[in-house]
1. Could you work out [θ]222 nm for the chain from helices alone, using -39500 (n - 2.57) per DSSP H run of at least four and dividing by all its residues? Round to the nearest 500 deg cm²/dmol.
2. Go ahead and run the numbers for FRET between residue 195 and residue 19, Cβ-Cβ distance against an R0 of 45 Å, rounding to 0.05.
3. If you average the C-alpha positions of the range 46-71 and of the range 100-121 separately, how far apart do those two centres end up, in angstrom?
4. What's the angle, to the nearest 10 degrees (0 to 90), between helix 108-125's Cα axis and the longest principal axis of the chain?
5. Using a 10 Å cut-off on Cβ atoms, rank the peptides 71-78, 58-65 from the highest mean neighbour count down.
6. Calculate the FRET efficiency for residue 76 and residue 185 from the Cβ-Cβ distance with a Förster distance of 45 Å, rounded to the nearest 0.05.
7. Give me the one-decimal nm value for the distance between modelled label points at residue 106 and residue 133, 7 Å along each residue's Cα-to-Cβ direction.
8. Quick one: length gained pulling residue 167 to residue 2 fully straight, 0.36 nm per residue minus the C-alpha distance?
């Protein structure tokens with residue numbers, strides 16, 4: 001089971017120049033489309049003199065959603081090659097914008113494709129790429145008398161606790177990588193009195 005995905009840990013930039021035109025690339029880690037819209041507005045505001053603000057994004061950790069936009073360039077000469085660079089590195093949860101300052105000389109279809117691809121590739125080369133786990137959260141409900149047994153499993157399996165409420169009726173929320181879910185849950189199911197609820201995807 002594949003339970004990892006590739007993304008970037010921080011924004012990065014790239015650049016490509018051809019016949020006076022400058023192509024400035026900006027790569028961002030993102031979590032949702034609202035964040036993407038805000039970043040696009042920010043880029044357009046900062047680079048209001050630029051002729052084009054082309055971009056591509058990919059979201060999702062298993063089922064990938066994506067979009068590419070040419071922003072006035074000839075069809076498939078900008079957004080598609082930008083998206084192609086994200087796909088080639090299997091990056092997701094990312095937005096890649098390439099801003100073009102026109103230099104007065106037309107580059108032609110092939111020249112545009114090459115320029116947007118190279119600017120995008122430069123931003124990716126300058127990025128810190130991370131492989132992250134696909135995790136899900138579960139909640140354990142149990143009596144205080146089972147606490148030591150539950151905590152021993154959490155410690156042995158190095159599980160991340162995201163919420164802990166230790167009263168007479170205890171509640172612990174933990175995250176676990178997808179490929180380990182069934183094995184981990186079976187350990188808790190073997191403890192009398194432990195109830196398990198969930199799951200929720202962890203958004204990281």
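Any read-out appearing in this document is the output of simple, stated calculations on the displayed coordinates, not a laboratory observation. Quick caveat, the model's predicted, so the values are computed rather than measured. Glycine also receives a Cβ, built like all others from the backbone with ideal geometry; neighbour counts cover every protein chain displayed.
1. -9500 deg cm²/dmol
2. Between residue 195 and residue 19 the formula returns 0.10.
3. The two parts, judged by their Cα centres, are 16 Å apart.
4. 40
5. Ranked from most to least packed, the peptides come out as 71-78, 58-65.
6. Given R0 = 45 Å and the Cβ-Cβ separation, E is 0.45.
7. 5.5
8. Fully extending the segment from residue 167 to residue 2 adds 55.7 nm.
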